[in-house]
Amino acid sequence: MLNILYFGDHRHFSTAFHRAKALERLGHHIIGYHNPEETLPGYFKSAVISAINFRSGYRLLQGHVQRDLEKIVQSGIKPDVIWVDNGEFFGKKCLLILKKFNCPIILYSIDDPTGKRDGRRFDSFLSAIKLYDLIAVVRKETEEECKSLGAKQVLRVMRSYDEIAHAPYGDIAEIPLDFKSDVAFIGTWMRNENRDEFIKVLIDAGISVSIWGDRWPKSPHFELLKPYYRGPNLGGKDYIAAIQGAKICLGLLSKGNRDLHTTRSMEVPYAGGLLCAERTSEHTDLYDDGTEAVFWNDAYECASICKKLLAGNELMNIKNAGMKKVRHLKLGNEDICKQILEKGLSIAI
């Protein structure tokens, strides 16, 4: 059993929280769970200041974060390993403080810290990249770029579902009617990602699409989409209900984040949904197209596939095959966290 000092978002629906719980299920002890954002003074949490911090790489927060880390060091805890989830708040001086624990420091990044979509958001992290003992990333480009920036060790892993948080309903009759749909998309509206235009093509083709996610009212097409919009982002059992309660679940990638698969690519089949996603090399490596998931090259092909599936009788067969496949691949948080932890501990400080 390891004593792990964990830094990350600990809202119950966050993937960082899910990973922390997976580490506990593996038999380890989280001796401290800290979300750097939560300790900020109130004036740092306004929408305007948050936007400034995001765009400036959290430079203005470094002194405050460093003082918090010094307090943790002085608390007397003795971790065997430190796990930093995302790391956008931690600059070089923060890592030097954590080095006082004299144990391996692991960073897991589900984002694209070396990409361009988020501007200067990860500037503080990039200044500290050489001080992590292991950096775990989820895309090939990030792996290569972290190495070129001087990272000691980089491990590329697949994204993961959570064995507990994403478990499907045992009886589909328990799924509330409000979460049942023909075609569902669960995700945030993003400027320049054209998710609204994609869904508009499906609606124009006569397909009933249900949308859950934040920021959709900002879409220039929202008046058209409004009848199909069913509320903000989902978490917990509501998220599972919307996946399992849909006949088909759309998997839309973030081009700005250079995604070839996302967490939805694992969570949807695991939770009993039918994944209908963009045809990429990583998706076709994961699932057999047409039997374990369905893939498309553009919105018009997606609309054609959805119409065919909704009119046929293959939906449940594909759902069951996809669920079986993702479990066989062992891409749960427990599997991925174990892989990262073993790699991190094998590296000498």
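The values are calculated or read from the model by the stated rules, or taken from the named source; none is laboratory data. Since this is a predicted model, take the numbers as computed values, not measurements. Cβ coordinates were reconstructed from backbone atoms using ideal geometry, including for glycine residues, and neighbour counts include every protein chain displayed. For accessibility, only protein heavy atoms count, side chains too; no ligands or nucleic acids. Shrake-Rupley method; radii C 1.70, N 1.55, O 1.52, S 1.80 Å.
Before moving on, here are some points about what is shown:
- Taking the charge dipole of the range 59-106 about its Cα centre, with +1 at Lys and Arg Cβ atoms and -1 at Asp and Glu Cβ atoms, the residue from Cys103, Pro79, His64 reaching farthest to the positive side is His64.
- About its Cα centre, the dipole of the range 52-201 is roughly 1060 debye, where the only charges are +1 on Lys and Arg Cβ and -1 on Asp and Glu Cβ.
- Per residue value of the accessible surface for the range 306-349 (all protein chains in place, 1.4 Å probe), Å²: 60 Å²
- Relative contact order computed over the range 110-257 (Cα-Cα under 8 Å; 6+ residues apart), in percent: 25 percent
- Per-pair calculated FRET efficiency, R0 = 51 Å: Ser281 and His34 via Cβ, rounded to 0.05: 0.85
- Under a model in which nothing but the beta-carbon of Lys, Arg (+1) and Asp, Glu (-1) is charged, the chain shows a dipole of about 920 debye around its Cα centre.
- Where a label projected 7 Å from the Cα of Arg191 along Cα→Cβ would reach, residues of the range 94-133 with amide N under 13 Å: 118-119
- Derived from the Cα gyration tensor, the three semi-axes of the equivalent ellipsoid of the chain are 37, 22, 18 Å, largest first.
- Distant-in-sequence amide contacts of Asn233, defined by a placed amide H-H separation under 5 Å and a gap of 5 or more residues or a different chain, comprise Gly213, Asp214.
- Under-23-angstrom lysine pairs by C-alpha in the range 214-284, whenever the two are 8 or more apart or on separate chains: 4
- log10 of Debye I(q)/I(0), alpha-carbon scatterers only, for the range 1-74 at 0.18, 0.25, 0.27 Å⁻¹: -0.82, -1.14, -1.21
- Straight Cα distances below 21 angstrom link Lys71 to the lysines Lys92, Lys93, Lys99, Lys100, with same-chain residues fewer than 8 positions distant left out.
- Using the Cβ-Cβ distance between Lys93 and Ile305 with R0 = 51 Å, the FRET efficiency computed as 1/(1 + (r/R0)^6) comes to roughly 0.50.
- Net charge over other residues, Cβ less than 11 angstrom from the Cβ of Ile175 (K, R count +1; D, E count -1): -2
- Ordering of 151-164, 219-232 by packing [mean C-beta count within 10 Å, highest first]: 151-164, 219-232
- Computed over the chain, the per-residue total of -39500 (n - 2.57) for DSSP H runs of n ≥ 4 gives a 222 nm mean residue ellipticity of -11000 deg cm²/dmol, rounded to 500.
- Residues in the range 129-137 carry Karplus couplings, in order, of 4, 6, 8, 7, 6, 8, 10, 9, 10 Hz; the curve used is 6.51 cos²θ - 1.76 cosθ + 1.60 with θ = phi - 60°, and Gly or Pro positions show x.
- Kirkwood radius for the range 183-335, taken over all pairs of different Cα atoms as the inverse mean of 1/r, rounds to 15.5 Å.
- On the chain, 52 percent of the accessible area sits on carbon and sulfur atoms, based on a 1.4 Å probe.
- Candidate aspartates and glutamates - alpha carbon under 20 Å from Lys308, same-chain residues fewer than 8 apart omitted: Asp182, Asp204, Glu278, Asp288, Asp289, Glu292, Asp298
- Of Ala16, Ala128, Ala173, the one that fluctuates the most in a GNM where the chain has Cα springs shorter than 10 Å: Ala173
- Environment charge of Ala136, counting only residues whose C-beta is closer than 9 Å and scoring Lys/Arg +1, Asp/Glu -1: +2
- Inter-site label distance for Asp204 and Arg25 at 7 Å from Cα along Cβ, in nm: 4.3 nm
- Inter-probe distance in nm under a simple model that places probes 7 Å from Cα toward Cβ, at His12 and Asn297: 4.5 nm
- In the range 279-349, the inverse of the mean reciprocal separation of distinct Cα atoms equals 14.5 Å; this is its Kirkwood hydrodynamic radius.
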